[in-house]
Amino acid sequence: MKRIALISTLFAGVLLIWGTRDFPSWGDPNAPASRHVSPTYIERTVEETHIPNAVTSVLGDYRGYDTMFETVVIFCAGIVVISVLRRPDA
Amino acid sequence: MKKDHSLPQDRPIGPSLIIEVAVRIMIPFIQLFGLYVIAHGHYSPGGGFQGGVVLGASFILMAIAFDLKTSLRFFSLRANAVMASSGVFIYSGTGVLCALMGGLFLDYSALDAIIPLGPVEWRSMGVFVVELGVGLAVTSIMASLFWDLSSGGDMDKGL
């Protein structure tokens with residue numbers, strides 16, 4: 001059983017590494033992500049949101065839903081540590 | 001800060017005058033820098049997460065340099081829990097408020113119906129409100145994580 005697990009893990013890993021050969025090279029201006037979404041954000045951030053920092057506008061506005069649940073994840077981590085460790089008399 | 005002479009004597013190093021004076025000088029500047037990073041996230045690298053971590057680190061530094069009780073005197077457990085919850089509530093509440101005012105969830109331009117600043121300006125202001133919520137939550141969770149993990153949950157003696 002252990003051998004099957006090892007073989008399947010190695011197989012999946014080799015498959016994933018092999019799959020990265022089809023990725024666009026790092027920073028490629030012709031990659032799909034660099035052709036649609038990124039130029040739109042960079043060009044229209046200031047006129048659409050009045051935020052001069054494109055990173056903040058993507059983080060807080062265009063991708064606000066993602067950031068909201070990042071906050072919730074941190075909150076959950078704190079709540080879990082409190083509920084596991086903290087004693088009621090403290 | 002009130003001088004506390006009842007410092008624990010059973011620590012390996014014991015109270016050190018140099019460390020305490022240095023930390024006492026540093027903490028106001030660290031906290032001011034944390035607030036600056038939160039408030040200046042629109043113009044420079046920074047925002048709620050980074051500024052919150054800096055603010056939380058000031059309380060962790062206080063707990064390391066003095067002891068855990070000292071940092072609890074400046075940031076009580078009740079205030080900590082209230083701040084963490086209200087931070088998340090501010091973020092999600094802003095989103096719900098946007099939806100109630102007729103926009104989409106987290107579409108800050110809908111808040112123009114409450115305070116007329118212009119829809120585009122409100123998208124900038126909405127990000128700031130949301131970053132404040134993130135900063136509150138991250139600050140208190142960072143401090144609370146350190147307190148619980150370093151003292152094993154009894155809030156008596158830290159590192």
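Near residue B:123, within a Cβ-to-Cβ distance under 9 Å, what is the net charge of the other residues, with Lys and Arg +1 and Asp and Glu -1?
Residues near residue B:123 contribute -4 overall.
Once the mean 1/r over all distinct Cα pairs of segment B:29-140 is inverted, what Kirkwood radius in angstroms do you read off?
For segment B:29-140, the Kirkwood estimate is 14.9 Å.
Taking Cα centroids, how far is segment B:52-96 from segment B:98-159 in Å?
Rounded to whole Å, the Cα centres lie 13 Å apart.
Taking the Cα centre of segment A:36-90 as origin, sum charge times position over the Cβ atoms of Lys and Arg (+1) and Asp and Glu (-1), and report the length of that vector in debye to the nearest 20.
340 debye
Using the Karplus curve 6.51 cos²θ - 1.76 cosθ + 1.60 with θ = phi - 60°, what ³J(HN,Hα) values do you get for each residue of segment A:6-18, in whole Hz, with x for Gly and Pro?
Karplus values, whole Hz, x for Gly and Pro: 4, 5, 5, 5, 4, 4, 5, x, 4, 4, 5, 5, 4.
Can you give the translational diffusion coefficient of segment A:36-90 in µm²/s, computed by Stokes-Einstein from the Kirkwood radius over Cα pairs at 4 °C and 1.567 mPa s?
So the translational diffusion coefficient is about 96 µm²/s.
If one takes the longest principal axis of the Cα atoms in chain B, at what angle in degrees, from 0 to 90 and to the nearest 10, does the Cα axis of helix B:48-65 lie?
The answer is roughly 10 degrees.
Once you charge only the Cβ atoms, +1 for Lys and Arg and -1 for Asp and Glu, what is the size of the charge dipole of the protein assembly as shown about its Cα centre, to the nearest 20 debye?
Using Cβ point charges on Lys, Arg, Asp and Glu, the protein assembly as shown gives about 800 debye.
Quote to one decimal, in nm, the extra length available between residue A:79 and residue A:11 on full extension: 0.36 nm per residue of separation minus the C-alpha distance between them.
20.6 nm
How far is helix B:17-39 tilted, in degrees, relative to the longest principal axis of the Cα atoms in chain B, given as a value from 0 to 90 rounded to the nearest 10?
Once rounded, the angle reads 0 degrees.
Which whole number of Å³ per residue matches the convex hull of the alpha-carbon atoms in segment B:13-81?
Each residue corresponds to 91 Å³ of Cα convex hull volume.
Taking only DSSP H segments of four or more residues, each worth -39500 (n - 2.57), what value at 222 nm results for the protein assembly as shown once the sum is divided by all its residues, to the nearest 500 deg cm²/dmol?
-22500 deg cm²/dmol
Rounded to the nearest 0.05, what FRET efficiency do residue B:17 and residue B:78 have when you use their Cβ-Cβ distance and R0 = 35 Å?
E between residue B:17 and residue B:78, to the nearest 0.05, is 0.65.
Could you tell me how far the Cα centroid of segment A:5-26 sits from the Cα centroid of segment A:38-90, in Å?
31 Å
Among B:128, B:144, B:84, whose Cα projects farthest towards the positive end of the dipole of chain B, with charges put on the beta-carbon of Lys, Arg (+1) and Asp, Glu (-1)?
Projecting each Cα onto the dipole axis, the largest value belongs to B:144.
Helix B:77-100 sits at what angle to the longest principal axis of chain B, using alpha carbons and giving 0 to 90 degrees rounded to 10?
Roughly 10 degrees, rounded to the nearest 10.
Where a number appears in this text, it was derived from the coordinates with a stated rule and is not lab data. If you're wondering where the values come from, they're calculated on a predicted model, not measured in any experiment. Glycine gets a Cβ as well: all are built from the backbone with ideal geometry, and neighbour counts include every protein chain shown.
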